[in-house]
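Below are the structure tokens for one structure; questions will follow.
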């Protein structure tokens, strides 16, 4: 087993596999998985008797797996795929990520894997490695983040076809669909109690620190929060794992779940809110007392926000979410206890002072989102930036013309990035832009229903 390229990445050993199998001796398969550029899990299912090889030698499969579009197609990003003969890379299991899949009828496990060799192409193609690199840069200035994710999603009735439009889930209790806005509604939690209880139970079995569940601003929309942790890689892992868990649990209950930003034009969109605190080596929250470091961090996040926007809003649909008076940012504003801004400073104990980053859509890649946020904070601190004046009014009525209005605008800003490219690498930025540009072109190459509705009889 090789040494890791990144000091914060620990590879799993055969002993970890052995310990897992002592606890779960009937395990039949092991899913070796990655989270690709789009945040989708891909991998291989290995018979458990063959799993030892993964932990001793790694596993070979396509380097381009990280560079598939959201449909699973290989668009030959920057010549990676068809043009280069689609070479294999060696993937290795990540420590402390072996987990059972409790929603399966058979005992199946999963483990995260990552590229840790650097022979032909950069290992930074793995979004998790991007985050590991950013964490190292942070540690150099002796400041240590704590992170918590909040994930919003919709629950739908199961569709007969992928082309069928989604409908809000029918309650097994009332036999009716939810109607109207019932934010924090308790009946909505009771109506889907069995589903939410299984989500909670499965999270415990996977050591995912899920806490509060709440109904959100639209029928069928829910939010699940994750606890704070100083283990930044685990925070992103847990966010990615939670999405898979919710999707599989929904299937178990005869539903579909979706993290798409805006499944309904007339209803609230789904976001991924990220809470960030920052501590020194003595465990003191350096954001406390409206500190200079807090202001510098906000200044950095404002500075980098628009060139990072295609990370936060990674597809055509995600831009439908940014509308006035929807508790969704329409500019890069900040302010205390204000849900209309992009960067909210929640109230609470001084020791828990934090930034709530409210920009990202729920479907975005957790590793890249967190990498972008931490890059902005680091840039703000190291360059001693100052933020704009805080907003205490409704910032949702002042759209910023500089804010990207669609994916192509956002990708252009990312491609010309002067800041984020230093943290992610210029090579990775080019790969991301090429993939998302090709994905956008493919989506726009299909004739929409509204084109037939409006123009077919012309």
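The values are calculated or read from the model by the stated rules, or taken from the named source; none is laboratory data. Quantities reported herein were computed from a predicted structural model and do not represent experimental measurements. No Cβ is skipped: glycine too gets one built from the backbone with ideal geometry, and neighbour counts run over all protein chains shown.
Looking at this structure, is residue 21 buried (at least 18 other Cβ atoms within 10 Å of the Cβ), over 27 Å from residue 138 (Cβ atoms) and at pLDDT 95 or above? Show your work before the answer.
Values: buried (at least 18 other Cβ atoms within 10 Å of the Cβ): no; over 27 Å from residue 138 (Cβ atoms): yes; at pLDDT 95 or above: yes.
The answer is no for residue 21.
Would you mind stating whether residue 386 is under 24 Å from residue 292 (Cβ atoms) and part of a helix (DSSP H, G or I)?
no
Out of the range 4-20, which residues are over 19 Å from residue 131 (Cβ atoms) and in contact (Cβ under 8 Å) with a residue 60 or more places away in the chain?
In the first step, residues of the range 4-20 are kept if they are over 19 Å from residue 131 (Cβ atoms); the result is 13-20.
Result: 13, 16, 17, 20.
Then there is this: Would you check which residues across the range 6-18 are surrounded by fewer than 16 Cβ atoms within 10 Å (Cβ to Cβ) and either modelled with pLDDT of 95 or more or part of a helix (DSSP H, G or I) (or both) and list them?
Of everything in the range 6-18, those that are surrounded by fewer than 16 Cβ atoms within 10 Å (Cβ to Cβ) and either modelled with pLDDT of 95 or more or part of a helix (DSSP H, G or I) (or both) turn out to be 14, 15, 18.
Condition check: assigned to a helix (DSSP H, G or I) and touching a strand residue (DSSP E or B) at 6+ places or on another chain (Cβ under 8 Å). Does residue 51 satisfy that?
On the way: assigned to a helix (DSSP H, G or I): yes; touching a strand residue (DSSP E or B) at 6+ places or on another chain (Cβ under 8 Å): yes.
Spelling it out, residue 51 is indeed assigned to a helix (DSSP H, G or I) and touching a strand residue (DSSP E or B) at 6+ places or on another chain (Cβ under 8 Å).
Have a look at 116, 60 and point out the one that is surrounded by 22 or more Cβ atoms within 10 Å (Cβ to Cβ) and at pLDDT below 95. Before you say what the answer is, go through the steps one by one.
Values: 60 fails: surrounded by 22 or more Cβ atoms within 10 Å (Cβ to Cβ).
Sole residue among the options that is surrounded by 22 or more Cβ atoms within 10 Å (Cβ to Cβ) and at pLDDT below 95: 116.
Residues being part of a helix (DSSP H, G or I) and touching a helix residue (DSSP H, G or I) at 6+ places or on another chain (Cβ under 7 Å): count how many of those fall in the range 314-372.
Initially, the range 314-372 is screened for residues part of a helix (DSSP H, G or I), giving 317-321, 350-352, 366-372.
If we keep only those that are touching a helix residue (DSSP H, G or I) at 6+ places or on another chain (Cβ under 7 Å) too, we end up with 319, 350-351, 366-372.
Result for the range 314-372: 10.
What helices (runs of 4 or more DSSP H) completely inside the range 401-457 contain at least 3 residues that are touching a strand residue (DSSP E or B) at 6+ places or on another chain (Cβ under 7 Å) and surrounded by 12 or more Cβ atoms within 10 Å (Cβ to Cβ)?
426-444
Go through 257, 268, 291 for me and flag whichever is more than 23 Å from residue 201 (Cβ to Cβ) and crowded, with 18+ Cβ neighbours inside 10 Å. Give the derivation first.
On the way: 257 fails: more than 23 Å from residue 201 (Cβ to Cβ); 291 fails: crowded, with 18+ Cβ neighbours inside 10 Å.
Just a single option satisfies the conditions, and that option is 268.
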